[in-house]
1. From the list Glu6, Glu46, which one is in contact (Cβ under 8 Å) with a residue 12 or more places away in the chain, acidic (Asp, Glu) and open to solvent by 50 Å² or more (accessible area, probe 1.4 Å)?
2. Consider the range 81-103. How many of its residues are touching a residue at least 40 places away in the same chain (Cβ under 8 Å) and more than 24 Å from Gly65 (Cβ to Cβ)?
3. Looking at the range 98-117 only, could you name the residues that are open to solvent by less than 30 Å² (accessible area, probe 1.4 Å), within 14 Å of Arg38 (Cα to Cα) and not in a loop (DSSP other than H, G, I, E, B)?
4. Look through Arg58, Arg53, Arg45, Arg66 and report the one residue that is more than 13 Å from Leu4 (Cβ to Cβ), in contact with a His (Cβ under 6 Å, 6 or more places away or on another chain) and not polar (S, T, N, Q).
5. When you go through (1) modelled with pLDDT of 95 or more; (2) open to solvent by 70 Å² or more (accessible area, probe 1.4 Å) one by one for Ile28, which number turns out not to apply?
6. Just give me the residues in the range 10-25 being among the polar types (S, T, N, Q) and open to solvent by 30 Å² or more (accessible area, probe 1.4 Å), in sequence order.
7. Can you tell me how many residues within the range 49-66 are in contact with an Asp or Glu (Cβ under 9 Å, 6 or more places away or on another chain) and either among the acidic types (Asp, Glu) or in contact (Cβ under 8 Å) with a residue 24 or more places away in the chain (or both)?
Amino acid sequence: QVQLAESGGGLVQAGGSLRLSCVVSGTIFSAYAMGWHRQAPGKQRELVADISRGGNTRYADSVKGRFTISRDNAMNTVYLQMNSLKPEDTAVYYCAAAPPSTGFAHWGQGTQVTVSS
């Protein structure tokens, strides 16, 4: 059974930084593309960043230049480094795993990120 466990959320002032971590268990982590999504109150869940099995990355326009996604296959972990945080980044952040040739099929429980102005 594939399990994802996020950590690292919290309350931070605007302009601050946080690093989210997601540990994956129950599968061969290196075979999965990984992504971070977020959902703010009253809004749809959106993809923030993803990283392929080979390490290629993509970002939502709203976070380009501020967020960095990375992965450590030896630790079965994907990270999201978030810098220059803004109040509009406030959301629940979810880690997700995509098996080969499919979409995101496995999700974590989410971690709250709150950015105060």
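1. The match here is Glu46.
2. Result for the range 81-103: 4.
3. Thr111, Val113, Val115
4. One residue alone meets the criteria, Arg45.
5. Every listed condition holds for Ile28 apart from (1).
6. Gln13, Ser17, Ser25
7. Within the range 49-66, residues that are in contact with an Asp or Glu (Cβ under 9 Å, 6 or more places away or on another chain) and either among the acidic types (Asp, Glu) or in contact (Cβ under 8 Å) with a residue 24 or more places away in the chain (or both) number 2.
Condition check ((1) open to solvent by 70 Å² or more (accessible area, probe 1.4 Å); (2) modelled with pLDDT under 95; (3) under 13 Å from the mean Cα position of the chain (by Cα)) across all residues:
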residue	(1), (2), (3)
Arg58	yes, no, yes
Gly65	yes, no, no
Val78	no, no, yes
Lys86	yes, no, no
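The values are calculated or read from the model by the stated rules, or taken from the named source; none is laboratory data. Computed from a predicted model, the values in this text were never measured in an experiment. With ideal geometry, Cβ positions are generated from the backbone for all residues, glycine too; neighbour counts draw on all protein chains shown. Accessible surface is based on the protein model in full, side chains and every heavy atom, while ligands, DNA and RNA are left aside. Shrake-Rupley method; radii C 1.70, N 1.55, O 1.52, S 1.80 Å.
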